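What follows draws every value from the coordinates through simple rules; no lab data is involved. The structure displayed is predicted, hence computed values, not measured ones. Note: ideal-geometry Cβ built from the backbone for every residue, glycine included; neighbour counts use all protein chains shown.
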Amino acid sequence: MQEQDVLQTDKTDSPVHEEASNIVAHTSAEASAAMNTASLISAVSGLYLWKKSFIVSSPIPQASDANSGQPTVSDSDSGGTAVSEELRIDVDGRYPQMVASGVIHGGIFSRLHWIANMVESGANTWTGDIFYKEGSKTSFPYRSVRIQVIPNAFASQRKALVTLSGGGSTHRTRTFKFASPNFHTVDFEFDHVEGEDVLLDIKTTDHPNRPSTLEAEDLSVMTIFERAGFAITTTPGGRVPLKGAGANKLWSYQEMHDAMQKYWSHFASKAQWAMWVFFAGLNEEEGKDLGGIMFDDIGAQHRQGTAIFNKSFIADAPKRDKKPEEWIRRMNFWTTCHEMGHCFNLAHSWEKGAGPQDWIPLRSNAEERSFMNYPYNVKGGQSAFFSDFEFRFGDGELLFMRHAPERFVQMGNAEWFDNHGFREANISPEPRFELIVRVNRPQPTFEFMEPVVLELKLTNTSSEPQMVHDKLLSTMERITLVIKKKDKPARQYAPHAQFCWQPKNKVLNAGESIYESLFASAGRNGWEISEPGYYLVQVALDMDGEDIVSEPLVIRIAPPRDNYREEFLAQDVFSDEVARILTFDGSRFLEKGNDVLREVAVQLPNSRLAIHANVPLGKAYAKDFKVLELGDDANEAGITVAKPDSEESARCLGAALTDNMNAAAETLGHVDFKNYVEDFQDTLREQGDKLTAQAVRVEAHDTLERRGVKASVLEEMK
Ligand SMILES: [Zn+2]
């Protein structure tokens, strides 16, 4: 419950009554004069983007009012490893924080976030020092930033030239294109229980207790967050039946969470800039005392849902208040903005130390007139609070919402990579390829200890032929595989060997696919998939700077059937030697690992692992096998050729491939199964057993045909 932020009454204090002394008369003329301030006009602030493809070879034209004598500008390099960059300039418009921040996306595993304080140093020019860095810092030595904005009457033509310097490195320049006057975009959906109001608008002049300087205007919840720097979209909400709260008509945390999953149009188990705001009567656990709550701390994604309880204490105006109706509306409006602030990961004003780690240390301010402070907890109570309250978030909160790393602020976000995989990937908006990662079985469930073989399928989804490297899927050079066990950090799979192939190009026609298998269970860093449980796997393929990312696949490793015996064997199976033997289809050197696999074949003959065990045992003895012998003396070292044992080889391969051919095709994967069968046929022919070789071919063909393998692949079978 620690993460749950609750707006509750302080039961020990009686509410301080509204005082009439702060009443200020406002006329609409005064109000419109106040509206007419230059600070509302944003000419510079907003989001700017740079992408590799944006690079312009010709110099950026100088604006007519720019300082003369300035050199013409162009990017200092072609981007290095950076594939895209974001820049947020925050120097004018509503509540300027006088900072700039940047995010450099350098491919799937590299991201750097910087923030700098800025001062105006010339026409359309700001300079300042970087005070915050997060991410891949080693490649980012810079300490200072200079930004020159090149204005244009057409917003889409506006540009920002950014020079990073200091830290002993050469200057780095980038030209960004203006993308939006807002820093981020967020979607709100407001749902409500039948019969409960959704209050989203308020007039600042409705209640007489307010700052004398407060603009008279209509404010909506959307305005509040627009002024915080967001472009707001809304999804039309609807009614949630009261029966969702159960017989007592009060909403428990679990019932609200269920309602969110059922009624929120955007509900998804992933981080997204979207939140669900639910207007209900009363909470079950806390009753009248709970005004609102950011209730969403169940499951992997948090901070996506919040509830406002219209019938709680926030509907009780102080006894002597002159405008109780208006007081209630304002309190309801305040509560909504407060709880939504929690969804942006804002802490309370008096407990700023509770913010995310890795963010700048913040000082608490128990007197701050922010949506994130409790009105009734400040000196002088709620009347003192509202007499100075300008319907806004504090500067530290705005800095956080606008400029903090996205994973801190975005709803549902958690540790990077935990829930949203390849978000740093450079994905084309119009991809020409599709990558699918799959397993050749109806349900992605594997036996305990069964090696996980994934099948990769790359399809040309464009309408014309395209060239690809023929070994594109065979080497791990361009493939990034991420494996994440449930509730564990994600791990990047490191293959045992990097093959160096002579790259040859291959034409892939429109709609045509290439396939490859990938042994995912173990790599250089040990066994990645071993213990029973759920694992998410996702693959990205680097296609010359552009990443093709598969949908994630969730696989399940079943618990052992025969606990003691399997667990006992597992201690030896999950070893580096066995991993290497399975990866390389056999070894005559790693005898300890071979012994383990022989033991598996004897002890668990019907297991899927036994099929995998018999393949390398058979293949190792199929042909001449080169063994590097290292003697005591350097002269004794040499390569000896071990003789094949075709009888033993045929026995093992036969057990692996023909005892239960359908199971073999399923567990080895169609791609590898077909290759092994072809090797097995060769061995049989070498032994002079052409009849068996032919029978194996026919049976394998029919097995794959029954399993739905494409006709073109079946035709290749010799
Ligand atoms: Zn709160």
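Scanning residues 5 or more positions from Gly523 or on other chains, those with amide H under 5 Å from its amide H are Glu528, with H placed 1.01 Å from N in the peptide plane. Bridgeable lysines around Lys486 (alpha carbons under 16 Å apart, same-chain partners fewer than 8 residues away excluded): Lys270. By the rule of a C-alpha distance below 18 Å, with chain neighbours fewer than 8 residues away ignored, the lysines paired with Lys177 are Lys51, Lys52, Lys159. For the pair segment 439-473 and segment 666-718, the centres of their Cα atoms are 19 angstrom apart.
Amide H contacts of Ser364 (H built 1.01 Å from N, in plane; Pro and chain starts excluded): Lys352, Gly353 sit under 5 Å, all sequence-distant by 5 or more or on other chains. In plain terms, the C-alpha convex hull of segment 460-539 casts an average shadow of 6.2 nm² when viewed from every direction. Any idea what the relative contact order of segment 243-353 is, in percent, if you count C-alpha pairs under 8 Å spaced at least 6 apart? Relative contact order comes out at 23 percent. Which of the pairs Lys471/Lys710; Lys249/Lys288; Lys619/Lys674 have their Cα atoms more than 19 Å apart in this structure? Too far apart for the 19 Å limit: Lys471/Lys710. Between the C-alpha center of segment 548-594 and that of segment 156-178 there is a gap of 50 Å. When each of Lys592, Lys485 is scored by the number of other beta-carbon atoms lying within 10 Å, the sequence from fewest to most is Lys592, Lys485. Pairs exceeding 21 Å between alpha-carbon atoms, taken from Lys133/Lys485; Lys457/Lys504; Lys203/Lys322: Lys133/Lys485.
When DSSP beta bridges are limited to those with both residues in segment 433-557, what percentage is antiparallel, rounded to the nearest 5? Within segment 433-557, antiparallel bridges account for around 95 percent of the total. For segment 245-255, backbone phi angles converted through the Karplus equation (6.51, -1.76, 1.60; θ = phi - 60°) give residue-by-residue couplings of 8, x, 5, 7, 6, 10, 9, 8, 4, 5, 5 Hz, Gly and Pro being listed as x.
Under the combined filter of DSSP loop state and at most 16 neighbouring Cβ atoms within 10 Å, segment 189-240 retains none of its trypsin sites (Lys or Arg not before Pro).
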